[in-house]
Structure formats: structure tokens, C-alpha cells
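Please read the structure below before turning to the comments.
The values are calculated or read from the model by the stated rules, or taken from the named source; none is laboratory data. This one's a predicted model, so the numbers in the text were calculated from it and none came from an experiment. Cβ placement follows ideal geometry from the backbone for every residue including glycine, while neighbour counts extend to all protein chains displayed.
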Amino acid sequence: MYFCGMSEKLPKFLIGDNTDHPDTVFIIHAHYPRFILDLDSEEIEWMEDVEVEDENELTDELVKLLQEAEEFYQRELDRYESEDEEE
């Protein structure tokens, strides 16, 4: 799946949920390489083929992206909690 010309307009990360999986939270990485991360199981579903020449480079990039995804999710939770406290 390719979002022609739209990826630069999308946030880097999005939070997703689904009523078929009520206890699962998904983080969608909307920029290349696009993937969906199941936060509970830490499974990754790639939304496109990833081609790299250096396996170490891919591993390093993946570790960095997973850390960014977790930081994003925690930041969003903190924001929701602070909004609830203000009300």
C-alpha cells in the first residue's frame, strides 16, 4: 500500500485500536518503512517491503523506531491524563 504524496502530511506515528481486539493497542508508523506495531505482543506487521543492503543498519533503524513508537505512545498517554486532570 502506498499513499501517493500523502506520507509527508501524515504524522510519523498514529495510535490505532479495534473493537475486534479490545485489549490491544496498535502504533502505526506512517512513514517509510511503514509498519503496524502491536504494543502488547511487540509483533510488527510490515506494510511494505523493506530493502536494505546492510542488515545491521536495518536492525539499528528498527530499534530506534520501536523506541520512538513507545515514547510517542507514552507521551500521548501523558497528554490524555493531563487533559483529564484539567477537566
Checklist entry - Assuming Tyr32 fulfils every condition listed in (1) modelled with pLDDT under 90; (2) over 23 Å from Glu76 (Cα atoms) apart from one, which condition is it? => result (2)
Checklist entry - Does region 45-61 hold any residues that are free of Cβ contacts under 8 Å to residues at least 12 places away in the same chain and of a type in the set (Val, Ile, Thr), and which are they? => result Val52, Thr59
Checklist entry - Which of the residues belonging to region 62-82 are over 9 Å from the mean Cα position of the chain (by Cα) and in contact (Cβ under 8 Å) with a residue 24 or more places away in the chain? => result Glu76
